[in-house]
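Down below is the structure, laid out as C-alpha cells.
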Amino acid sequence: MRSIFCIHLVSDIFARLAADFRLQNVVRYLLADDVYIHQSRVNFKPGFRGKE
C-alpha cells in the first residue's frame with residue numbers, strides 16, 4: 001500500500017485535525033477565504049536519511 005485516500009474519513013486523528021477550528025481559522029486567515037477539504041491523502045515513503 002502506497003497511499004490512503006480520504007484519510008480524514010478513515011482516521012479519527014485526521015478527522016479531528018480537519019475539524020479543528022483553530023487550524024481552520026489560521027488557514028482562513030492565510031488564504032483570506034473560506035476553506036474546505038477537496039482531497040486528502042497520506043503517501044507512505046521511506047524515511048529520509050541524512051549524513052551524520
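Bear in mind that the values in this text are calculations on the coordinates, not laboratory data. Keep in mind that this is a model prediction, so the values were computed, not measured. Cβ coordinates were reconstructed from backbone atoms using ideal geometry, including for glycine residues, and neighbour counts include every protein chain displayed.
The structure-derived value of Cα Rg over 2.2 N^0.38 Å appears in the list [x] 1.25; [y] 1.47; [z] 1.43 under the label [y]. Approximating the spin labels as points 7 Å out from Cα along Cα→Cβ, the residue 1-to-residue 44 distance works out to 0.6 nm.
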